[in-house]
Amino acid sequence: MLKQILIKLPRKLQKSDLLDSSGSDSGNHTSNSGNGVQCTNIGNSISSRLSVVKRVSSAVFPASIMVGVEAVEPYLSCTDVSILQKQSLFISKLNLCCEVSDFSDPDKTSAEQDLKHQTLIELVDFVSTGSAKFNEPAIAAMCKMCAVNLFRVFPPKYRSNSISGEVEDEEPMFDPSWSNLQLVYDLLLGFITYSSLDAKVAKKYVDHSFISRLLDLFDSEDPRERDCLKTILHRIYGKLMVHRPFVRKAVSNIIYRFVFETERHNGIAELLEIFGSIISGFAVPLKEEHKMFLWKALIPLHKPKLVGVYHQQLTFCVVQFIDKDPKLADSVIKGLLKYWPVTNSQKELMFISELEEVLEMTGMAEFLKIMVPLFRRIAFCLNSSHYQVAERTHLLWNNEHILNLVTHNRQVIFPLIFPALERNSENHWNQAVLNLTQSIKKMLCEMDEELVLACRQKMEEENSQSSEATEKRKLIWERLETAANVIPPA
Amino acid sequence: MSTVEAPLYPIAVLIDELKNDDIQLRLNSIRRLSTIARALGEERTRSELIPFLSENNDDDDEVLLAMAEELGVFIPYVGGVEHAHVLLTPLETLCTVEETCVRDKAVESLCKIGSQMRGNDLIEWFTPLVKRLAAGEWFTARVSACGLFHIAYPSAPETLKTELRSIYGQLCQDDMPMVRRSAASNLWKFAGTVESAHLKADIMQMFEDLTQDDQDTVRLLAVEGCAALGKLLEPQDCAARILPVIVNFSQDKSWRVRYMVANQLYELCEAVGPEPIRTDLLPAYVRLLRDNEAEVRIAAAGKVTKFCQILSPELAIQHILPCVKELSLDSSQHVRAALASVVMGMAPVLGKDATIEQLLPIFLSLLKDEFPDVRLNIISKLDQVNQVIGIDLLSQSLLPAIVELAEDRHWRVRLAIIEYIPLLANQLGVGFFDDKLGGLCMQWLQDKVYSIRDAAANNLKRLAEEFGPDWAMQHIIPQVLEIANDSHYLHRMTLLRAISLLGPVLGSEITCSKLLPVVVNASKDRVPNIKFNVAKVLQSLISVVDQSVVEKTIRPCLVELSEDPDVDVRYFAVQGLQSIDQVTMSS
């Protein structure tokens, strides 16, 4: 019973304190005469709330929180105190850094900001030298400090302030308090990777809510921040095993929202980068849950128009999956065909290179399942009037594995692509493409001349019939129309 | 048609077309589903076509979207309302696909169909569908389900209603944020069908849960619907249950939430009645007007007039006006622009004295704003102030503002001010116009940008309509016709454009005596583009002038142009001659 109270208590405390500090806006800071006052206030309120517990059993509860805040001045340097005091000094310094300064206000005296900055540097040093001891109060203080400083709402994307208004302003927004944020991130990383950190205790504070708010920050416009987050989330995933399913689920949710709702997110590349290494760690045979992630999250990620920003990472993830289970290749290719870009040539180029990578790992059995729709698409790409797309598609034939697959199935594939090659020879505008088409045609002839001749004949027949087919289609619909008008609707 | 007709199988045609590789053909055939259905007749549509469509759901999203849309209006083809339920099966599948716009369209079509179905059929077919979707394994089904409850609910018997409410409650607490977002954004629709006792208990509980969701995005959508929800409640209940939530949200730390509140606050006022407005909503609104975040101030500033309209003038002057003063000096140009687009509307609310004393300085300062959009927004709403205090007080500041906008380096700004010129002319009167603005109107005709020249020509037409032919003869025509001697062919083209627009307004006499000679003269221009534009203008003037003038002046000119060495000139000249012939024949 008592234990339960103790476990719950610090977390609640953390929450309520968070609310306190977030509720106060920038106006309140100016009213505080100095940081010291603020700090002891927090300390007092903690100790007064804890005093209830203290009465029950002071022996069970680690005394260092109270000692830390009340007895040791946070301004002392770490080297100036005895080893015994170090721990409490550590905590009081962490608490000192919970004061969020307002960088947007230039009038504010820089003294307290400097103080916080110095303290953060000291803390980073202290942790990196390995002299910190992360007992429960320290962990609680650390998580609270990170939460107060890091978890914030990003400002709106600023409209350009120039009068022109017509120039797209793509400059990313940088948080003015980055110098401090970076130190807090360093500290968090140092904490998570601390060799003697007890994961059992840490997971209570680095909990679901903490992680999901950390994930929200991936939307930051600052690439430096996303980079920090990437490393930290990766370490959390590595160290706190219990949270792994949650992390995977929460990231899936971010991806769903991005793909199906907003198409806006700044951190997809970073999230996928983490997933690249998560996937490579999956055990084989793959669990159904993981395959679902491939089908429901990764493959739909090919749809948004921003795919270029994270395509490299996405391809890596997809390839990891096929590496684990080559049977997935055909469903991946089906997905690529489903989301194949219609007008965006840059995107099409990415798709073709991903396709090549995937095909390279595709076995004959899977290839057979998708080759017809696949080569229909490839035929279109061969004809693309964007010469890079056409060129890139022609180059697929240089890949030995693909060539091998094609050769074995030439009876099906030649008839699909031969008309496209002919069309290119007749009227593609680009000389390089024409040359490539010529050499592929030569290659096909060398492979199976008889088949090529048959294809040519079939194509000529079809060409002569095509206008007839159009005419026939028109006629059928006309007859349908007549039939429809004979039978009156109800 | 061929003489030997093969028997026609409409379904086979469809199946064949849907197998085609060309997506355009597949789309075309889906777009003509109703033809196939009519050819089949109602019974076979029910027994063959619809089951086929239910199976055929593996196509491109574009085709599925078209199918979802077509099915929404398919009731007549399956035999009317009593058979409407057969359409539910294919749409149910479409509600579960991945692509958002297909799902949305399927839900929309289901709502269309459901709202026509009979009560018993809804219970037998529609409600089970909603329940199946709500229990769907993948989130897409559950997301779709949320948008269907308001159709199923009204005709359900009591026990089923209880069940539906509890299912919706579960959706509000779904594991997936996607589903909770859908539940939040559809809540007000569902709430509109629920009996008031349950509304106060169940629905409000759901609302409160959603507003406390740990995902920002869910809370945001809950706020978005709060005004609609509030209007369903009795004013005192709304004040007791929704007001505190909103007032609380107006101080949320996320600017997105505050932004949403700023957008909703006015409508909520309509739902709660006067007393809570004064005590709670007004202070909240004033806070939003002074928010730290420009986006929030923009949203709030845009509602300033509407808000003043529901307050008493005293309250508006006491609480809102000081904020308006601050906003007119805001550091963000977008805030000032948002304010400028509505602030003129406050004049009728505050009355003449307060307007002159308090608002006028604000108008004047906005009229001198460094950002053109702000000035434009003020000018566009000039009529509202004119009614209250007359234009004289403003006119001194107005002119410099207009001149500066007229010469702005961004053509979009120039375009915008040209479009307000007729409004200004109407408000300011002929006298003011002649002195100050006439020159500007001519200057625009020779702008570097085509759109401006075109708008300038159009502007002359509207002015001629406003002030009449006599005025135009005196103030426009002489200057315009001078352009005929301009050395730049693009300017001469603009003249032709202006003539083709002015002709119909000024009437036959002026056209013949003043405009036509200039046009005929231009037919001897050395630039072919001018010449074929002459042909076009002549063609447009045929209907304006008398038959005799057509024969005497227009026809010879066109005949001459029809023998021009330039192919385009000949083309348009021949076109002109043809339309003369048509007119002569018909008369």
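No lab work stands behind these numbers, since they all come straight from the coordinates. Please read all numbers here as calculations on a predicted model, not as lab measurements. Methodologically, a virtual Cβ is constructed for each residue, glycine included, from the backbone with ideal geometry; neighbour enumeration extends over all protein chains shown.
Any idea what the dipole of segment B:1-92 comes to, in debye rounded to 20, about its Cα centre with Lys/Arg Cβ at +1 and Asp/Glu Cβ at -1?
Once rounded to the nearest 20, the dipole reads 400 debye.
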*Any number yet on Rg/Rh for segment B:488-586, C-alpha, Kirkwood?*
0.94
_Need the full-extension length gain, B:Ile23 to B:Gln479, defined as separation in residues times 0.36 nm minus the C-alpha distance. One decimal, nm._
158.4 nm
*Looking only at Cα atoms, what is the convex hull volume of chain B per residue, in Å³?*
225 Å³
*When ranked by the protection proxy of mean other Cβ atoms within 10 Å per residue, highest first, what sequence do the peptides A:418-428, B:15-25 form?*
A:418-428, B:15-25
*Mean ellipticity per residue at 222 nm, deg cm²/dmol - from DSSP H runs of n ≥ 4 across chain B, formula -39500 (n - 2.57)*: -19500 deg cm²/dmol
*Using a Cα distance threshold of under 29 Å, what count of lysine pairs results for segment A:363-483 when pairs must be 8 or more residues apart or interchain?*
7
_Among B:Thr211, B:Trp411, B:Gln24, which residue has its Cα furthest toward the positive end of the charge dipole of the protein assembly as shown, with +1 on Lys/Arg Cβ and -1 on Asp/Glu Cβ?_
B:Thr211
*How large is the charge dipole for the protein assembly as shown, taken about the Cα centre, if only the Cβ atoms of Lys, Arg (+1) and Asp, Glu (-1) carry charge, to the nearest 20 debye?*
2300 debye
*Looking at this model, which pairs from A:Lys200/A:Lys230; B:Lys461/B:Lys514; B:Lys306/B:Lys436; B:Lys436/B:Lys536 are more than 27 angstrom apart at the alpha-carbon?*
B:Lys306/B:Lys436; B:Lys436/B:Lys536
*Three-way shape label, the protein assembly as shown, alpha-carbon gyration tensor, a/c 1.5*: oblate
*Over what distance in Å are the Cα centres of segment B:132-209 and segment B:46-62 separated?*
29 Å
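Which pairs in the list B:Lys352/B:Lys381; B:Lys531/B:Lys552; A:Lys144/A:Lys296; B:Lys303/B:Lys381 are over 24 Å apart, alpha-carbon to alpha-carbon? Mind showing how you got there, number by number?
Details: B:Lys352/B:Lys381 17 Å; B:Lys531/B:Lys552 19 Å; A:Lys144/A:Lys296 35 Å; B:Lys303/B:Lys381 15 Å.
Checking Cα-Cα distances, A:Lys144/A:Lys296 exceed 24 Å.
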*asked:* Place a point 7 Å from Cα of A:Gln388 in the direction of its Cβ. Which residues in segment A:301-323 have their backbone N less than 13 Å from it?
replied: A:308
_Given axes a ≥ b ≥ c from the Cα gyration tensor, I'd like to know whether segment B:42-196 is rounded (a/c under 1.5), prolate (a/b larger than b/c) or oblate._
oblate
*asked:* Which residues among segment A:119-159 fall inside the zone where the amide N is under 13 Å from a point 7 Å beyond the Cα of A:Lys204, along Cα→Cβ?
replied: A:135-141
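Can you give me the Kirkwood hydrodynamic radius for segment A:363-483, using every pair of distinct Cα atoms, in Å to one decimal?
Hydrodynamic radius (Kirkwood, Cα pairs) of segment A:363-483 is 15.8 Å.
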*Which FRET efficiency, nearest 0.05, do B:Asp581 and B:Ser513 yield, Cβ-Cβ r, R0 25 Å?*
0.45
*Roughly how many Å is it from the Cα centre of segment A:202-271 to that of segment B:269-327, as a whole number?*
39 Å
_Efficiency of FRET between A:Asp227 and B:Arg44 - r from beta-carbon atoms, R0 56 angstrom, step 0.05_ = 0.35
*asked:* Quick check: residue separation of B:Lys436 and B:Glu370 times 0.36 nm, minus the Cα distance between them. What number comes out in nm?
replied: 21.6 nm
*State, to one decimal in nm, how far the label point of B:Val81 lies from the label point of B:Lys200, with both points 7 Å from Cα in the Cβ direction.*
3.4 nm
*Could you work out, residue by residue across B:30-36, how many beta carbons of other chains sit within 10 Å of that residue's beta carbon, and then give the average as an integer?*
2
*Across bins of 10 angstrom width beginning at 0, how are the C-alpha pair distances of segment A:207-324 distributed, in whole percent?*
13, 50, 34, 3
*According to a simple spin-label model (label point 7 Å from Cα along Cα-to-Cβ), what is the distance in nm between B:Lys552 and B:Lys253?*
8.6 nm
*Give me the distance in nm between label points sitting 7 Å out from Cα along the Cα-to-Cβ direction at B:Lys325 and A:Lys133, one decimal.*
6.3 nm
*Does anything in segment B:173-202 have its amide N under 18 Å from the 7 Å Cα→Cβ label point of B:Ala240, and if so which residues?*
B:195-202
*Can you list the aspartates and glutamates whose alpha carbon sits under 12 Å from that of A:Lys287, skipping same-chain ones fewer than 8 residues off?*
A:Asp325
